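Structure first, commentary second.
The values are calculated or read from the model by the stated rules, or taken from the named source; none is laboratory data. As the structure is a prediction and not an experimental result, all values here were calculated from the model. Here the Cβ positions follow ideal geometry from the backbone for every residue, glycine too, while neighbour counts run over all protein chains shown. What goes into the accessible areas is simple: the full protein's heavy atoms, side chains included, and nothing from ligands, DNA or RNA. Shrake-Rupley method; radii C 1.70, N 1.55, O 1.52, S 1.80 Å.
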Amino acid sequence: MDQANAGPPKQPEQSDSEAGALLYAENCASCHGAQLEGEPDWRSPKDDGTLPAPPHDRTGHTWHHGDALLFDYTKLGGQAALEASGVTNFNSGMPGFGEQLSDQEIWDILAFIKSTWPDRMRETQEVRTEGEQMQGGS
């Protein structure tokens, strides 16, 4: 999928949440938890200044962000994605997966994560995505 001329990245309709569940288990669960629960004390910085991996279930903040930021954060890594969106002085421990996962695989993982949220949270996240699309970026 060519996102270069299409504006900010947005969840493709053909995303496969079942494939995403398998990919999540293989690539994400070691940090974010098999049940999307995140690491303990995920809001308190570690000794190196990074935050523990947050939960991706309804108790976390993933649903507060639009598709473009979630995609970029996963593909580029936290530090690069935040810097690209103008956030500085934040030390992210999230590695980029752009070398290990295709864009579609990243979207499949995000589709899986979203599929676990209650309707209200999915609707809120969709509104955030619409806002990104109107602003033209993450």
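Take ARG58 and tell me if it is surrounded by fewer than 20 Cβ atoms within 10 Å (Cβ to Cβ), out of contact with any Ser or Thr (no Cβ under 7 Å at 6 or more places or on another chain), basic (Lys, Arg) and closer than 19 Å to PRO8 by Cβ.
Details: surrounded by fewer than 20 Cβ atoms within 10 Å (Cβ to Cβ): yes; out of contact with any Ser or Thr (no Cβ under 7 Å at 6 or more places or on another chain): yes; basic (Lys, Arg): yes; closer than 19 Å to PRO8 by Cβ: no.
In short, no.
From the list ILE113, ILE106, which one is open to solvent by less than 50 Å² (accessible area, probe 1.4 Å), touching a His at 6+ places or on another chain (Cβ under 6 Å) and on the phi < 0 side of the Ramachandran plot?
On the way: ILE106 fails: touching a His at 6+ places or on another chain (Cβ under 6 Å).
Sole residue among the options that is open to solvent by less than 50 Å² (accessible area, probe 1.4 Å), touching a His at 6+ places or on another chain (Cβ under 6 Å) and on the phi < 0 side of the Ramachandran plot: ILE113.
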(message) So for segment 83-92 (the condition being surrounded by 15 or more Cβ atoms within 10 Å (Cβ to Cβ), at pLDDT 95 or above, of a type in the set (Ser, Thr, Tyr) and under 23 Å from ALA29 (Cβ atoms)), does at least one residue qualify?
(response) no
(request) From (1) surrounded by fewer than 17 Cβ atoms within 10 Å (Cβ to Cβ); (2) of a type outside the set (Asp, Glu); (3) over 22 Å from ALA25 (Cα atoms), pick out the condition that doesn't hold for GLY98. (result) (3)
(message) Just the residues that are farther than 18 Å from GLY96 by Cβ, among the hydroxyl-bearing types (Ser, Thr, Tyr) and within 16 Å of the chain's Cα centre (by Cα), please, taken from segment 13-53.
(response) SER15, SER17
(message) Out of everything in segment 116-136 that is in contact with a Gly (Cβ under 8 Å, 6 or more places away or on another chain) and not acidic (Asp, Glu), what residue ends up being surrounded by the fewest Cβ atoms within 10 Å (Cβ to Cβ)?
(response) GLY136
(request) Given the conditions (1) open to solvent by 70 Å² or more (accessible area, probe 1.4 Å); (2) under 26 Å from ASP119 (Cα atoms); (3) of a type in the set (Asp, Glu), report the number of the one that ASP67 does not fulfil. (result) (1)
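Report whether or not GLU105 is free of Cβ contacts under 8 Å to residues at least 12 places away in the same chain and farther than 25 Å from PRO40 by Cα. Quick ask: steps written out before the conclusion?
On the way: free of Cβ contacts under 8 Å to residues at least 12 places away in the same chain: no; farther than 25 Å from PRO40 by Cα: yes.
Considered against the rule, which asks whether it is free of Cβ contacts under 8 Å to residues at least 12 places away in the same chain and farther than 25 Å from PRO40 by Cα, GLU105 comes out as no.
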